[in-house]
Amino acid sequence: MMGSPTRGATTEELRALVEGHEPASPREVEARRRFLAELGHLTAPCDEYAGPVHVTASGIVVGRRGTVLHRHKRLGIWMQPGGHIDAGESPAAAAQREATEELGLAVEHPAGGPLLIHLDVHEAALGHTHLDLRYLLLGADDDPHPPPGESPEARWCSWEEAMSMADDGLSDALPLARTAYEGLA
C-alpha cells in the first residue's frame, strides 16, 4: 500500500505515478502538466480538507456489457464512480472502494494489478479542483444497485451510449478503457 496512515499517498509516490503515465491526448498532456505543477505546492495532496486542490481517484468500470456510469446526485451528469482518497489508502484502493460504494456492484482491478489509464484535472463543486487518477476496474455482469445515500441512477451503457453521455474528460478516457479491456481478453 502507498503512503502514510494519515495522508494517503505521498507527494513523491504520486509524482512517480503521474510521471510514469503516458498521456494519450492533448487534454491529458495538459492534465499531466497541471497535476505535476500542483503536486509541487501540496503538502497533503490526498487530504480534501488541506486546501481546494487535491488528488482524487475514480474507476472506469468495464465488462462484457460495456461500462457503468451513474448520474451524480448533486451535479446531475453521467460519470464514472470515484471520489476522495481516505487516510492510509492508495489511490487504486480508493478507486475500487468508491466504485463499490457508489454502484453496489462488485468490481476488481485486472489480474495484473491496478491499471492507471487516464489523468484528468477538473473543477469540482464548491470551488475545489480535483486531480483525478482514473483506473480500469472490471465489473461483475450484475446490474448496479446503489445503496441509499448514493446516486440512485446507475447502469451499464454500451460504449457508444456512454460516449454520447460523457463530458470532455470522460469521453477522452472511455476509448482508453475500452482498448485496455479488450486487450485483457
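Figure legend: label point modelled 7 angstrom from the Cα of residue 19 along Cα→Cβ; residues of region 36-60 with amide N under 16 Å from it are 36-42. Summing charges over neighbours of residue 82, with a neighbour being any other residue whose Cβ is under 12 Å away from its Cβ, gives -3 when K and R count +1 and D and E count -1.
Taking the number of Cβ atoms within 10 Å of each Cβ as an exposure proxy, the fewest-first ranking of 77, 117 is 77, 117. Multiplying the residue separation of residue 106 and residue 71 by 0.36 nm and subtracting their alpha-carbon distance yields 10.7 nm.
Does region 112-177 come out rounded, prolate or oblate by the C-alpha gyration tensor, with a ≥ b ≥ c the root eigenvalues, rounded set by a/c under 1.5 and, if not, prolate when a/b is larger than b/c and oblate if not?
rounded
Note on region 69-136: the alpha carbon radius of gyration divided by the globular reference 2.2 N^0.38 Å gives 1.12. Given the DSSP H assignment, sum -39500 (n - 2.57) over each helix run of at least 4 residues in the chain and divide by its residue total; what's the result at 222 nm in deg cm²/dmol, nearest 500? Rounded to the nearest 500, the figure is -10000 deg cm²/dmol.
For residue 121, the residues whose modelled amide H falls within less than 5 Å of its own, excluding neighbours fewer than 5 places apart on the same chain, are 132. Each label was represented as a point 7 Å from its Cα along the Cα-to-Cβ direction; for residue 37 and residue 159 these points are 3.3 nm apart. Ordering 126, 17, 174 by the number of other Cβ atoms within 10 Å of each residue's own Cβ, fewest first, gives 126, 17, 174.
In terms of other Cβ atoms within 10 Å, 74, 32, 134, 155 run from fewest to most in the order 74, 155, 32, 134. Neighbours of residue 19 by Cβ distance under 14 Å: Lys/Arg scored +1, Asp/Glu scored -1, total -1. Placing one identical point scatterer on every Cα of the chain and ignoring solvent, what is log10 I(q)/I(0) from the Debye formula at q = 0.09, 0.16 Å⁻¹? Calculated log10 I(q)/I(0) at the listed q: -0.28, -0.95.
Laboratory data are not the source of any read-out in this text; all were calculated from the coordinates shown. Just so it is clear, the model here is predicted, and its values are computed rather than measured. Cβ: placed from backbone, ideal geometry, glycine included. Neighbour counts: every protein chain shown.
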